[in-house]
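Trainee: Below: one structure in structure tokens.
FYI, it's all coordinate maths here, none of it is from the lab. Values in this document were obtained by computation on a predicted structure and should not be read as measured data. Don't worry about glycine lacking a Cβ; one is built from the backbone with ideal geometry, like all the others, and counts go over all protein chains shown.
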Amino acid sequence: MIVKRAQLAAKAEGTEGSAETLAGADAFLAMNVSFKPEIEMHPRDNVSASLSNFSQVPGARKATMEFDVEVKGSGTAGTAPALGKLLKACGFGETVSAGVSVTYAPASTGISSMTLALYNDGVIYKMWGARGNCSLKLEKGKHAMLHFTFTGADFSVTDGAMLSSGVTYETTKPVAFLNATMTIDSYAALVGSMEINMNNEIALRPDVNAASGYKSAVITGRKPTLSIDPEMVTVATYDFYGKWRSGSEGDLTLALTGSAGNICTITAPKVQYTGVKAADNSGIRSLGVDCQLNRNAGDDELVIAFK
């Protein structure tokens, strides 16, 4: 089997924890895909005249799937990008303004479960009842990437053909992390990289009526964080350590600016420094700054918009 002959597809579930039938329209572009099934194996340590093992009993099962997706819009303002359905299963709500924008902000209710499948050159690795976590990585000169980790309540591995009919992929190209007009706490810090992690807490709902022992995966909490590597400056220019000491909060804004339908803006209204440490970036004094993304009114600590 050829590793690169693979497709990934996903679809929101109509019934919580029930596997959806996937089609070509559900396929999307991804990279660095991994599938990891798990089955609890229970030994039977009976005593007998022989020292030989008794067979084990397979118990509850689950699976995880990880992959990376390019951050890019659909190419049409007001039309959801392919990655939108993935964000929704990672705890984001979607707001569509026809012909204008599609906005994603954290949600605490109405988070859909998802069926995902990896089609790899004749074998289909599928899981369902899934929800997940995502992190956003931005590095100077490179296009932004979203890393997804989904946990599924059950899985199957079967032979099957790759998707063909109806498969179409977005033709938009991602934009490099340059000319981003990024500010944090209204300060245009000299930054080379940053990462945002939603840190969703995922739990599996036990269900003895289900074949796997689980109904579905759910998001029970989140603790969004941000890490940045700004160049150190004088306290008079910007007081990173003082902001940390005082516990003050400031807003984050940045833009990945492409053409209409492929403009991504990222904002966070209440960024709080939780750790500051000295670093050396090729002889330039820099800092490693850890932050927490706090609520403003609630369900608004991070907003990703495509215009």
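Trainee: Please report how far the C-alpha centroid of the stretch 42-87 lies from that of the stretch 276-302, rounded to the nearest whole angstrom.
Mentor: The two parts, judged by their Cα centres, are 32 Å apart.
Trainee: Please give me, ordered by residue number, the chymotrypsin sites (Phe, Trp or Tyr not before Pro) of the stretch 152-211 that lie in loop per DSSP and have at most 12 other Cβ atoms within 10 Å. Please list the in-between numbers first.
Mentor: On the way: sites: PHE155, TYR169, PHE177, TYR187; in loops: TYR169.
The qualifying sites are TYR169.
Trainee: Taking the stretch 29-103, which chymotrypsin sites (Phe, Trp or Tyr not before Pro) meet the DSSP loop condition and have no more than 13 other C-beta atoms within 10 Å?
Mentor: Those that pass, being in a loop and sparsely packed, are PHE54.
Trainee: Further question: Run the helix sum for the chain: -39,500 (n - 2.57) per DSSP H stretch of 4+ residues, divided by residue count, reported at 222 nm to the nearest 500 deg cm²/dmol. Present the calculation step by step, with values, prior to reporting the outcome.
Mentor: Values: 2 runs with 12 residues, N = 307.
For the chain, the value works out to -1000 deg cm²/dmol.
Trainee: Can you pull out the trypsin sites (Lys or Arg not before Pro) in the stretch 246-296 whose DSSP state is coil and whose Cβ has at most 15 other Cβ atoms within 10 Å? Please list the in-between numbers first.
Mentor: Details: sites: LYS270, LYS277, ARG285, ARG295; in loops: ARG295.
Those that pass, being in a loop and sparsely packed, are ARG295.
Trainee: Considering just Cα atoms, how many Å³ per residue does the convex hull of the stretch 1-70 enclose?
Mentor: Residue-normalised Cα hull volume stands at 159 Å³.
Trainee: Once the piece of chain linking SER108 and TYR241 is laid out straight, how much longer is it, given 0.36 nm per residue of separation minus the C-alpha distance between them? Intermediate results must be reported in sequence, preceding the final value.
Mentor: Values: separation 133, 0.36 × 133 = 47.88 nm, distance 3.30 nm.
Difference between extended and current length: 44.6 nm.
Trainee: Kindly provide log₁₀ I(q)/I(0) values, in the same order as q = 0.06, 0.07, 0.08, 0.10 Å⁻¹, from the Debye equation applied to equal alpha-carbon scatterers of the chain.
Mentor: Here the Debye-derived log intensity ratios amount to -0.25, -0.33, -0.43, -0.63.
Trainee: Between Rg and the Kirkwood Rh of the stretch 210-307, both from Cα atoms, what is the Rg to Rh ratio?
Mentor: On the way: Rg = 18.0 Å, Rh = 16.1 Å.
That ratio is 1.12, to two decimals.
Trainee: A further question on this structure: For ALA210 and THR253 in one chain, what is 0.36 nm times their gap in residues minus the Cα-Cα distance, to one decimal in nm?
Mentor: Details: separation 43, 0.36 × 43 = 15.48 nm, distance 4.47 nm.
Between ALA210 and THR253, full extension yields 11.0 nm more.
Trainee: Please report the equivalent ellipsoid semi-axes of the stretch 106-237, computed as sqrt(5 x eigenvalue) of the Cα gyration tensor, largest first, in whole Å. Display every interim value, and only then the final one.
Mentor: On the way: eigenvalues 283, 98, 24 Å².
Taking √(5λ) for each eigenvalue gives 38, 22, 11 Å, largest first.
Trainee: Can you tell which of SER50, SER282, SER74 shows the greatest fluctuation in a Gaussian network model of the chain with Cα springs below 10 Å?
Mentor: Answer for the Gaussian network model of the chain: SER50.
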